[in-house]
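Student: Encoded as structure tokens, here's the structure I'll be asking about.
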Amino acid sequence: MENFGFLEKIDKDPGNLIKALQAVQGLYGFVSDDAVRAVSDYFQIPAAEVEGVLTFYAQFKRVKPGRFKIAVCDGTACHIKGAPQIRQWISAELGIGPGETDKDGLFSLEVVACLGCCSLAPVMSINGRVYGKLDRKGVSRILKEYAAK
Amino acid sequence: MSKIVKIRVGTASCGIAANAGAVLEAFQNTVKDIPVEGTGCIGHCYAEPLVEVLTDDQGSIYYSHVKPADVENILALGETGRFVIPEGRRKLELVKVLALAGHVDPVSYEDYVANGGYKGLERALSMAPGDVVQEVLDSGLRGRGGGGFPTGRKWSFLAAKQAEEKIIICNADEGDPGAFMDRSLMESVPHQVLEGMLIAAAATGATRLFIYCRAEYPLAIKHLNIAIKQVYEQKRNVIRGRELEIVIKEGAGAFVCGEETALIASLEGRRGQPRFRPPFPTDSGWKKYPTMINNVETFGNVPLILRDGAAEYAKVGSEGSKGTKLFALAGDLKYPGLVEVPMGVTLAEIVFGIGGADPNEVKAVQTGGPSGGCIPVELFNTPVDYDSLRSLGAIMGSGGMIVIGKHRCMVETARYFLDFTHRESCGKCTFCRVGTTRMYETLCRITEGKGQESDLDLLEDLGKKVRAGSLCGLGQTAPNPVLATLRYFRNEYLEHVREHSCTALACPALVDVKIDLSKCIHCKLCVKTCPAEAIAGEDVLAVDNSKCVRCNSCIEVCPKKAISRVKRGE
């Protein structure tokens with residue numbers, strides 16, 4: 001059961017809405033419907049407005065991510081060096097598309113704009129750890145390593 | 001033999017991605033009596049992980065591509081694996097803003113001060129506020145975020161305001177895919193950015209400082225937080241008798257928030273949608289207070305101006321663009337990385353001289369990310385400054401520079417940029433919301449071989465209207481990549497719409513995958529790897545192109561390089 005008592009630590013200024021949502025996501029990995037209601041009550045903002053802010057920003061997730069969060073970079077440098085293929089390979093191995101979590105709750109996949117490691121393109125990150133200069137074998141090896149964890 | 005005084009391992013994001021963490025650990029476990037520290041980025045990303053060994057009599061020795069197993073060789077100052085800066089780069093580069101990056105401990109206040117840090121702030125505080133503004137005006141510094149507005153003039157607007165609160169925001173929402181200048185500066189020398197902001201406060205009478213940093217840069221945020229704490233401890237945040245608070249706000253991933261009024265909306269906890277200007281933020285910004293926004297790199301330049309004086313600063317650069325500029329070089333070149341050059345060097349000098357790209361293999365360079373334009377290799381003699389780039393239909397942008405090789409498809413590249421901008425459009429202006437989507441759909445049609453020649457006119461027409469009918473920089477510049485490629489690479493578009501083929505073999509719908517049977521050794525690795533079960537056969541393997549998803553898996557795993565893309569139907 002989720003508990004949103006920690007919101008009390010955040011100043012009730014509606015300017016802190018994004019900060020509060022980031023705190024929720026930091027704790028639970030995503031923002032549930034219950035969380036939307038709790039945040040809406042706390043700041044006295046309509047839930048629709050909270051939802052509006054949530055869906056505006058790419059960072060916020062409305063579904064529970066997997067234990068290992070894969071972010072495939074599709075920035076310019078990665079794109080021209082084959083990011084769409086990297087995404088395809090991962091989807092083929094794990095059977096999930098961007099924005100999805102596999103049925104065991106182990107991996108989730110998303111495509112992001114730029115991880116800022118352009119000189120190592122193509123790159124992806126898993127739970128924040130960046131892997132660069134990916135090729136077909138590298139992707140397989142890395143996914144296997146995580147699956148065994 | 002030389003004595004080792006100190007060992008530094010580059011542990012900025014690129015270094016970490018190249019496994020510098022393990023190298024740092026290996027040194028820490030092996031050496032007990034020599035200080036080992038992580039440091040920022042010296043910009044040679046292609047050589048990561050990089051290790052600097054400081055000696056008592058030979059200066060610094062660098063090692064590149066270091067693995068944990070190399071520790072012994074390095075401690076013995078071995079000859080193998082030594083790193084020398086490529087000559088082209090050594091000649092052309094002028095390191096000013098990044099002078100300390102990779103040479104100080106990013107989170108050491110003492111290191112920064114020992115290298116001339118906070119001298120600029122001290123001088124600013126000894127001057128009248130108006131004189132500080134004048135100094136920045138005289139330096140000729142222009143906004144490094146892309147717009148190129150004279151920084152001193154922006155400061156003078158805020159300084160002239162009388163208000164209970166005045167706000168300064170550092171725009172660290174580096175959202176351009178392909179740009180990492182601001183990240184490197186914040187990770188490597190966070191104090192330099194803070195000093196620039198504090199000088200701005202001393203000049204304008206600001207009461208509150210914000211840094212709006214994208215959440216995708218955790219290391220930059222960590223280092224800035226440590227640096228802010230040190231600034232508080234040292235009371236550097238006391239500006240003319242008033243104690244200032246410096247607050248980091250994490251962005252939540254929206255490209256449009258790089259735009260001033262959208263950024264302010266986001267800081268106020270709302271959807272990051274821009275609004276009509278005027279009123280300009282310096283008249284009414286965060287919570288209606290006068291607000292001034294500068295980019296990270298702009299603030300990074302300020303301490304130099306105050307420390308060395310405007311005249312000294314303005315010695316570098318071209319007529320209308322003073323100082324140096326950071327560029328994030330990536331794409332099809334030998335030495336990707338972060339470079340700093342004087343304004344006014346040519347694209348050729350950056351791409352070929354510093355980047356080591358092969359002049360026979362390069363087709364174009366994309367400056368300014370999705371807001372910029374592709375500049376063809378024929379125009380590489382153009383000097384890099386705000387005004388020259390604009391005249392070519394590109395922009396300086398924040399400094400991302402992607403080199404595009406001859407084997408890439410420009411139509412597919414334009415499609416990629418519009419895919420990004422149409423998704424990032426905030427939806428407020430119809431021309432941007434609907435227009436970029438129609439442009440994207442048209443480009444998809446062309447790359448799928450379903451385009452017609454009239455589509456090119458449609459793109460040009462829509463492009464001009466989106467540019468004219470959008471409120472903010474995102475919409476006004478979104479058509480740039482399309483209009484620029486139509487201007488310089490029209491032949492590629494014509495090939496796609498007339499012959500429905502793609503010479504670069506990049507557009508999946510226009511290529512087949514074929515096995516060269518004379519090279520095939522029947523190892524069947526391709527059959528095992530194919531996710532679509534499109535390869536079959538016993539003695540003679542063949543690709544069923546109706547099943548194939550063009551993922552290139554087989555091409556990559558084939559040990560004999562027998563599989564390749566060919567034009568459709570060949």
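Student: Relative contact order for region B:167-260: what percent, with Cα pairs under 8 Å and sequence separation of 6 or more? Please report the intermediate quantities before stating the final value.
Tutor: Working: 123 pairs, mean separation 37.4, N = 94.
Value for region B:167-260: 40 percent.
Student: Further question on the same structure: Based on the alpha carbons, how large is the Rg to Rh ratio for region B:109-313 when Rh follows Kirkwood? Before the final figure, lay out the partial values.
Tutor: On the way: Rg = 15.5 Å, Rh = 16.7 Å.
Using only Cα positions, Rg/Rh for region B:109-313 is 0.93.
Student: For region B:193-240, which trypsin sites (Lys or Arg not before Pro) are both in a DSSP coil and crowded by at most 14 other Cβ atoms within 10 Å?
Tutor: Filter output for region B:193-240: B:Lys235, B:Arg240.
Student: If each DSSP helix of 4+ residues adds -39,500 (n - 2.57) and the sum is divided by the residues in the protein assembly as shown, what number results at 222 nm, nearest 500 deg cm²/dmol?
Tutor: When only DSSP H runs of four or more count, the value is -10500 deg cm²/dmol.
Student: Can you tally the net charge around B:Gly368? Count Lys and Arg as +1, Asp and Glu as -1, for every other residue whose Cβ sits under 11 Å from the Cβ of B:Gly368.
Tutor: 0
Student: Hey, any idea what Rg/Rh is for region B:34-153, computing Rh the Kirkwood way over Cα pairs? Don't skip to the end; give the middle numbers.
Tutor: Details: Rg = 19.1 Å, Rh = 17.6 Å.
Rg/Rh: 1.08.
Student: Search the structure for amide H atoms under 5 Å from the amide H of B:Cys374, placed 1.01 Å from N in the peptide plane, and list their residues when 5 or more places away or on another chain.
Tutor: Close amide H contacts, sequence-distant or interchain: B:Ala484, B:Thr485.
Student: Ok, one more. Can you list residues whose amide H is under 5 Å from B:Lys6's amide H, if they're 5+ apart or on another chain and H is modeled 1.01 Å from N?
Tutor: For B:Lys6, whose amide H was placed from the backbone, the distant partners under 5 Å are B:Leu54.
Student: Just add up the charged neighbours of A:Leu109: K/R +1, D/E -1, any other residue whose Cβ is under 15 Å from the Cβ of A:Leu109.
Tutor: With Lys, Arg at +1 and Asp, Glu at -1, the neighbours total 0.
Student: In whole Å, what is the distance between the alpha-carbon centres of region B:34-62 and region B:441-479?
Tutor: 47 Å
Student: OK, next. Go through region B:6-92 and name the GluC sites (Glu not before Pro) that are in a DSSP coil and have 12 or fewer other Cβ atoms within 10 Å of their Cβ. Let's see the in-between values first.
Tutor: Working: sites: B:Glu25, B:Glu37, B:Glu52, B:Glu72, B:Glu79, B:Glu87; in loops: B:Glu79.
Sparse-neighbourhood loop GluC sites (Glu not before Pro): B:Glu79.
Student: Between region B:489-519 and region A:1-32, what is the separation of their alpha carbon centroids in Å?
Tutor: The two parts, judged by their Cα centres, are 50 Å apart.
Student: Over its Cα atoms, what ratio of radius of gyration to 2.2 N^0.38 Å does the protein assembly as shown give?
Tutor: In units of the 2.2 N^0.38 Å rule of thumb, it is 0.96.
Student: Which ³J(HN,Hα) values in Hz, rounded to whole numbers, follow from the phi angles of region B:299-308 under the Karplus curve 6.51 cos²θ - 1.76 cosθ + 1.60, where θ = phi - 60° and Gly and Pro get x?
Tutor: Once θ is set to phi - 60°, the couplings for region B:299-308 become 4, x, 7, 4, x, 5, 5, 6, 6, 9 Hz.
Student: Name the GluC sites (Glu not before Pro) in region B:262-350 that are in a loop by DSSP and that have at most 13 other C-beta atoms within 10 Å, would you?
Tutor: For GluC sites (Glu not before Pro) across region B:262-350 that sit outside H, G, I, E and B with at most 13 neighbouring Cβ atoms in 10 Å, the list reads B:Glu319.
Student: According to the square roots a ≥ b ≥ c of the eigenvalues of the Cα gyration tensor, what is the shape class of region B:351-501, taking rounded for a/c under 1.5, prolate for a/b larger than b/c otherwise, and oblate for the remainder?
Tutor: oblate
Student: Of all beta bridges DSSP finds with both residues in chain B, what is the antiparallel percent, to the nearest 5? Walk me through the intermediate numbers first.
Tutor: Working: 37 of 63 bridges.
Looking only at bridges with both residues in chain B, the antiparallel portion is about 60 percent.
Student: Continuing with this model, one more query. Share of antiparallel DSSP beta bridges in chain A, in percent to the nearest 5? If you can, show how the numbers build up before the last one.
Tutor: On the way: 8 of 14 bridges.
Antiparallel bridges make up about 55 percent of those DSSP assigns within chain A.
Student: Over region B:4-84, what relative contact order in percent results from Cα pairs under 8 Å that are six or more residues apart? Show your work: numbers first, answer last.
Tutor: Numbers: 141 pairs, mean separation 28.0, N = 81.
35 percent.
Student: Can you list the HN-Hα couplings for region B:518-531, worked out from phi with the Karplus curve (6.51, -1.76, 1.60; θ = phi - 60°), rounded to whole Hz and with x for Gly and Pro?
Tutor: 6, 9, 5, 10, 6, 6, 6, 4, 5, 4, 5, 7, 4, x
Student: Within the set of other residues whose C-beta is less than 15 Å from the C-beta of B:Val31, count the net charge using Lys and Arg as +1 and Asp and Glu as -1.
Tutor: Charge balance near B:Val31 sits at -2.
Student: Compute the angle between helix B:190-204 and the longest alpha-carbon principal axis of chain B, please, reported from 0 to 90 degrees and rounded to the nearest 10.
Tutor: Helix B:190-204 sits at roughly 50 degrees to that axis.
Student: Report the Cα centroid-to-centroid distance between region B:108-156 and region B:323-358 in angstrom, as an integer.
Tutor: Between the Cα centre of region B:108-156 and that of region B:323-358, the gap is 26 Å.
Student: Can you tell me how much longer the chain between B:Val95 and B:Asn19 gets when fully stretched, taken as 0.36 nm per residue apart minus their C-alpha distance, in nm with one decimal?
Tutor: Gain in length upon complete extension: 24.7 nm.
Student: Same structure, new question: Defining a contact as two alpha carbons under 8 Å apart and six or more residues distant in sequence, what relative contact order in percent does region B:324-405 show?
Tutor: 36 percent
Student: Considering the alpha-carbon set of chain B alone, what are its Rg and its Dmax in angstrom?
Tutor: For chain B, the Cα-based Rg and Dmax read 25.8, 85 Å.
Student: Mind putting together the pair-distance distribution for chain A? All Cα pairs, 10 Å bins, whole percent per bin, short to long.
Tutor: 11, 36, 28, 19, 6, 0
Student: Go ahead and set up a Gaussian network model of chain A, Cα springs under 10 Å, then flag whichever of A:Ile70, A:Ile96, A:Ile80 fluctuates most.
Tutor: Per the Cα network of chain A with a 10 Å cutoff, A:Ile80 tops the list.
Student: Could I ask something else about it? Can you give the % of DSSP beta bridges in region B:109-313 that are antiparallel, to the nearest 5?
Tutor: Roughly 15 percent of the beta bridges in region B:109-313 run antiparallel, per DSSP.
Student: Treating the beta-carbon of each Lys and Arg as +1 and of each Asp and Glu as -1, no other charges, what is the dipole magnitude of chain B about its Cα centre, to the nearest 20 debye?
Tutor: 1220 debye
Since every read-out is calculated from the coordinates, none of them should be taken as a lab result. Bear in mind the structure is a predicted one, so any value in this text is a computation, not a measurement. Every residue, glycine among them, receives a Cβ derived from its backbone with ideal geometry; neighbour counts consider all protein chains shown.
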